[in-house]
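Just below is one structure, and these are the notes that go with it.
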């Protein structure tokens, strides 16, 4: 059970790490074209399809779920929506590897500790709590090392094409601006896991109504993702109107762009539901263990992609050394967090 949960959390992280890869090949569209379709697929169509296919009798159960838990899911989902916007902007600003490094690591730290501490701070001093705290501290060290690598890279090669952007959608920004985006995204993305933890009465209600664990958990995701889509789509619609980029949807030869954006949505949306299947299998503190484990794996995957695609090719050797050191430390954090589940 625990091993299966850990493996599912790792799979979720790999999917999460890969989902930004298509953004490197979508430069013919504006950021808002890509992000609006991505959100529609990942936050609206996929959740509704999964619920309808796996447990079509879930909808009446969702309608009768505890109202306080539903509101928690709505409010935390809406807050996460703004973090999602910042993350999408940060990937365009500084590339796949650095954006994922900062956002996933910050989200991992807060998203694992807050669900642990909110019910009772005493949990931190339990054996599992101490292991989680140790894993999080190791992750912080990894963040610092990767951040140093990013600073050295920017000083040496600047921003933009020299940093290996390729056909990345959106525009590059200075590291200082990008850091504000990733910090805001990391904090608000952590709310995503906090909301999932606090909205568990919805899943409890689903199980009492005869739904499976997976189907019950999906009810929470549907609410959080739908609420988050409001902020995302509102911002995208504003940009589409302001920039006149809505016309780009009708460009000739856009079939490939639609397909890549669909892949983005399926990868990220799928990673959320895989994580939802992992957390209950990891025990009482499953959300505090599974969240950092999943995001650390996503962070490593995204960095591997960034390295493979040349984001660090022109960076000086010291910058690459700092980055490799940070990745090694994050691998240690994954091991520690995996053992925390025991």
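Every number in this text was worked out from the coordinates using simple rules, so none of it is lab data. As the structure is a prediction and not an experimental result, all values here were calculated from the model. Here the Cβ positions follow ideal geometry from the backbone for every residue, glycine too, while neighbour counts run over all protein chains shown.
Worth a mention:
- Counting neighbouring Cβ atoms within 10 Å and putting the fewest first, the residues 222, 273, 38, 125 line up as 125, 273, 222, 38.
- Extension gain, residue 254 back to residue 3 (0.36 nm per residue minus Cα-Cα distance, nm): 86.1 nm
- Most tightly packed first, judged by the mean number of other beta-carbon atoms within 10 Å of their residues, the peptides 197-206, 252-261, 28-37 read 28-37, 197-206, 252-261.
- Centre separation in Å (Cα based) which lies between segment 43-80 and segment 221-244: 18 Å
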